[in-house]
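Every number in this text was worked out from the coordinates using simple rules, so none of it is lab data. If you're wondering where the values come from, they're calculated on a predicted model, not measured in any experiment. When we count neighbours, we look across all protein chains shown, and the Cβ atoms used for this are built from the backbone with ideal geometry, even at glycine.
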């Protein structure tokens, strides 16, 4: 069983479209995250939720809206996609906010044309 | 400020030891981590060290922490082809309990 699963794995879309990426974890963790990895492999946190509550919101355009319906799910909706949004988006979870460990999904490669 | 830096590439011969280095700026960091990313996959935690430790050993992996110089290293003994990956150094600042800051990653390649 996959611990942190995100869908889709690949997403190719046109500029201006709206798209969503879904993430689910079956580890019973309280905290979930979205990270963005650019083409140079630089990894930057975007959002963090603890038990459905937003606790980290980095400097991310408000076109990006995370939603956590329950503590096992954290989805990412992106409006009006731009070329610069092309990246790999990773979902992750950790047992508690002191997060000794992050467990990552396998990533969603988003390509905006 | 919060910044983590690593060299981008390292090439070693199979069977030799690999040493990947990292420097960080936040002296209040409580945990420091090494993650491994294989092609097409997410990051996987390899090991981590508490800031009050100098060294941690786990099978072929040795982590050394020099708090004075804010320098972290990962040594992989007897490097194998399966160790080819990108290795990320990361820190958790005391000021931000829920945020882990990652370096840019070091791509380790193994030559025969």
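When B:33, A:10 are arranged by Cβ crowding within 10 Å, least crowded first, meaning fewest neighbours, the order is A:10, B:33.
For the peptides B:51-64, A:65-78, residues were scored by their other Cβ atoms within 10 Å and the scores averaged per peptide; the highest-first order is A:65-78, B:51-64. Expressed per residue, the C-alpha convex hull volume of chain B stands at 93 Å³.
Its residue count N fixes a reference of 2.2 N^0.38 Å for segment A:11-66, and the Cα radius of gyration divided by that reference is 1.27. For chain B, relative contact order (Cα pairs under 8 Å, six or more residues apart, normalised by length) works out to 38 percent. Using alpha carbons only, the radius of gyration of segment A:53-93 set against its Kirkwood radius gives Rg/Rh = 0.95. The three principal axes of the Cα atoms in chain A give end-to-end lengths of 37, 28, 26 Å, sorted in falling order. Pairs of Cα atoms nearer than 8 Å and 6+ residues apart set the relative contact order; for chain A it is 37 percent. Report the antiparallel proportion of the DSSP beta bridges in the protein assembly as shown as a percent, rounded to a multiple of 5. Approximately 90 percent, going by the DSSP bridge assignments. Here the protein assembly as shown was treated as a single set of alpha-carbon atoms; its pair distances binned every 5 Å from 0 give 1, 7, 15, 18, 18, 16, 12, 7, 4, 1, 0 percent. Percent of C-alpha pairs per 5 Å bin in segment B:50-89, short distances first: 6, 19, 29, 23, 13, 9, 2.
If you wrap the tightest convex hull around every Cα atom of segment B:1-54 and split its volume per residue, you get 123 Å³. FRET efficiency for the pair residue A:96 and residue A:73, taken as 1/(1 + (r/R0)^6) with r the Cβ-Cβ distance and R0 = 22 Å, rounds to 0.75.
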